[in-house]
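Only the coordinates and a few stated rules stand behind these numbers; no lab work does. Quick caveat, the model's predicted, so the values are computed rather than measured. Note: ideal-geometry Cβ built from the backbone for every residue, glycine included; neighbour counts use all protein chains shown.
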Amino acid sequence: MALRYAGIDVEHREISLRNKPQSMLLASPKGTVPVLCVGEHVLEESLDIMRWALSKSDPDSWGLVDEENAQAWIEKNDGPFKKLLDQYKYPNRYPTLNQEEVLNSAIELMLKPMNDVLQSHQYLLGNKLTWVDIAIFPFIRQFSMVEPQKFAQLPIPFMRRWLERHLASELFQSVMLKHPTWVD
């Protein structure tokens, strides 16, 4: 989304993680996605790609944020919330965990605090869309898709409205096109 927002055209290569092409592994031996190759420069983390894209073009000033507040949201998302998301999304990998407890932990850690902020602001850092919203949105989207009916009943209406706004956005719709799997 940040690449599209910044007006940066890329050659998109859809990767099957079960059958990673050699060209990807040569560029990024780590073997994870996303990977952005810009000449000899390789970026292997979503946040690095976002920051690079915004350094090239940031027409609506997504990058002008309170860095301390931004970092707090990102650390919470990329650390404990991502762990809870995996536990919630893949219960078979965590058979000893109680799924209701995982859900309640995620609500308390991330979803309720987001809802509280979004009760008085349109976005996580105020009334202006920033890179923080775009960075966290995919994880909330994944979480909402695990049990959509249960998610729809959670007492987080402002967070759900934030999510729905992103899902309906032209920006999101423009990057969700299906691509054929890349084969070397």
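Summarise the long-distance tail of P(r) for the chain by giving the % of C-alpha pairs beyond 21 Å. Walk me through the intermediate numbers first.
Values: 9461 of 16836 pairs.
Tail of the P(r) past 21 Å holds 56 percent of the pairs.
Mind checking which aspartates and glutamates have their C-alpha under 19 Å from LYS30, skipping anything on the same chain fewer than 8 residues away?
GLU14, GLU40, GLU44, GLU45, ASP48, ASP78, ASP184
Residue by residue, what Karplus-based ³J(HN,Hα) values in Hz, rounded to whole numbers, does the stretch 86-94 have, using 6.51, -1.76 and 1.60 with θ = phi - 60° and x for Gly and Pro?
My calculation for the stretch 86-94 gives 4, 5, 6, 6, 10, x, 5, 7, 10 Hz in order.
If we sort 4-14, 113-123, 83-93 on the protection proxy, mean other Cβ atoms within 10 Å, highest first, what's the order?
113-123, 83-93, 4-14
For a protection proxy built on the mean count of beta-carbon atoms within 10 angstrom, sort 128-137, 161-170, 44-53, 25-34 highest first, please. Before the final figure, lay out each step's value.
Working: 128-137: 20.7, 161-170: 14.8, 44-53: 17.1, 25-34: 12.7.
Highest to lowest by the protection proxy: 128-137, 44-53, 161-170, 25-34.
In nm², what is the average projected area of the convex hull enclosing the Cα atoms of the stretch 2-61?
Value for the stretch 2-61: 4.2 nm².
Give me a comma-separated list of calculated 3J(HN,Hα) values for the stretch 51-65, in order, Karplus coefficients 6.51, -1.76, 1.60 applied at θ = phi - 60°, integers in Hz, x for any Gly or Pro.
Ordered by residue, 3J(HN,Hα) equals 4, 4, 4, 5, 6, 8, 6, 9, x, 10, 6, 4, x, 7, 9 Hz.
Note down, for the stretch 67-170, the three equivalent ellipsoid semi-axes (square root of 5 times each alpha carbon gyration tensor eigenvalue), biggest first, whole angstrom.
23, 15, 12
My understanding is that a pair violates if its Cα-Cα distance is over 19 Å; which of LYS56/LYS82; LYS89/LYS150; LYS76/LYS112; LYS82/LYS128; LYS150/LYS178 do that in this structure?
LYS56/LYS82; LYS82/LYS128; LYS150/LYS178
From the phi angles alone, apply the Karplus equation (6.51, -1.76, 1.60; θ = phi - 60°) to the stretch 24-37 and give each ³J(HN,Hα) in whole Hz, x where the residue is Gly or Pro.
5, 5, 5, 6, 9, x, 4, x, 10, 10, x, 9, 10, 9
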